[in-house]
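Structure record follows, encoded as structure tokens.
The values are calculated or read from the model by the stated rules, or taken from the named source; none is laboratory data. Computed from a predicted structure; not experimentally measured. Every residue, glycine as well, gets a Cβ built from its backbone with ideal geometry; the counts of neighbours run over all protein chains shown.
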Amino acid sequence: MDGVNRDLEPRLLRAFTAVADELHFTRAAARLYVAQQALSRDIRRLERELGAELFVRTTRQVALTAAGERLLPYARRVLQAQDDLAAAFSGAGRRPLLVDVGAPVSTGSQVLAEARRRVGPETELVARFHSGLAGAAAELLAGRLDVSFGRAHGLDPAVLARLEHRLIRYERIAVVLREDHPLARCEEIPLSALAGETLYAAAGNDTTTEWTDLAAQLFAGRGIAMAEPFPEIEGDEEFIRVVTKRRWSVLASEVFIRLPGTVLRPLTDPVPLSPVSVLWRRGLSHPGLDALHAAARALAAAGWLHRPPGSWLPGPEALVLRDLRTVE
């Protein structure tokens, strides 16, 4: 890369980082809202100006070359500096922050409400309601969302590696039962009491695979069956209709909508926990994001990160905690 043009257009670097993130020209073009041919031209022009090949292209895949790997951190820093400059002088940094909270009743909704109390009128945080983190993560990577909440380690590791994330809460896992269910009279329900039961855990919904994975781990060896796959259910009203019609028992979080004719009961022996993180796009800088972090810290101080002795966590998270204890 000798004799690099000092006046590289930021557009070329944005094209490069999009392809580096997606490793797919069609997806990168869609992310940038440009034609694939235009994106390819920009990459070829950047390669000419740098005097280096940045990608290895085959009919089956796209991969970064050594030169591309070398360029990537520099390109990100240049683009972040440009974004910071634009924000400082044009007010772009005060654009609405798009925050996926999953559902109106959720940990994300609580953090968003607290963050809104902490910002001035010039900072807007706009809620979005994606049904699961697996679906929201794709929107984060595409730039159509800024922030989301959910079980980070339930994502594909390659996807998670491209996002920033921080654990903010351990939600206690519960079960939704019909009021006439024999276990509905219990204040807490031992996991062993669910042996022989079939619970809905969003199987068949590709946007909530992190939750179905958690459920599969929790059910394993306990005689609890997973309800058959069912298409994604959109909206609270439709969810209530389907659950009522099918008379499902539902694996849920302690932070969950109330369904008519049902009770929500926490599980115990052991107490299963669902780790909830806040996730955001790498390089994102926005006063609303700062407010979300401050809100999450304040709420966590009220006990959100408490883990009862002997509590259960899904495999990846349990391994992370074990490794942290080893380091300590």
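In the set A20, A28, A15, only one residue is in contact with a Gly (Cβ under 9 Å, 6 or more places away or on another chain) and either surrounded by fewer than 16 Cβ atoms within 10 Å (Cβ to Cβ) or under 17 Å from R76 (Cα atoms) (or both); that residue is A20.
Residue-by-condition table, conditions (1) modelled with pLDDT of 95 or more; (2) basic (K, R); (3) farther than 29 Å from L214 by Cα; (4) touching a strand residue (DSSP E or B) at 6+ places or on another chain (Cβ under 6 Å):
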| residue | (1), (2), (3), (4) |
| --- | --- |
| A75 | no, no, yes, no |
| A88 | no, no, yes, no |
| R94 | no, yes, yes, no |
| R162 | no, yes, no, no |
| Y170 | yes, no, no, yes |
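Against the test of being more than 26 Å from P182 (Cα to Cα), assigned by TED's automatic domain parsing to the domain that holds G135 and not β-branched (V, I, T), the options L284, L319 yield a single qualifying residue, L284. Residues in segment 161-182 that are under 30 Å from L292 (Cα atoms) and either in contact with a Phe, Trp or Tyr (Cβ under 8 Å, 6 or more places away or on another chain) or free of Cβ contacts under 8 Å to residues at least 40 places away in the same chain (or both): A161, L163, E164, H165, I168, R169, Y170, A174, V176. For first residues located in segment 183-206 and farther than 13 Å from I173 by Cα, partners that are among the aromatic types (F, W, Y) and at pLDDT 95 or above and lie 6+ apart or on another chain with Cβ distances below 6 Å form the pairs A202/W211. The residue that is surrounded by the most Cβ atoms within 10 Å (Cβ to Cβ), among those in segment 261-296 that are under 18 Å from the mean Cα position of the chain (by Cα) and charged (D, E, K, R), is R281. With the condition kept exactly as written, say whether any residue in segment 137-147 is at pLDDT 90 or above and within 18 Å of S274 (Cβ to Cβ). Within segment 137-147, one or more residues are at pLDDT 90 or above and within 18 Å of S274 (Cβ to Cβ). Contact map, segment 295-319: residues that are assigned to a loop (DSSP other than H, G, I, E, B) paired with residues that are of a type in the set (V, I, T), Cβ distance under 7 Å, separation 6+ or inter-chain. Pairs shown: P308/V271; S311/V271.
Would you say E188 is closer than 29 Å to R307 by Cα and at pLDDT 90 or above? Criteria met by E188.
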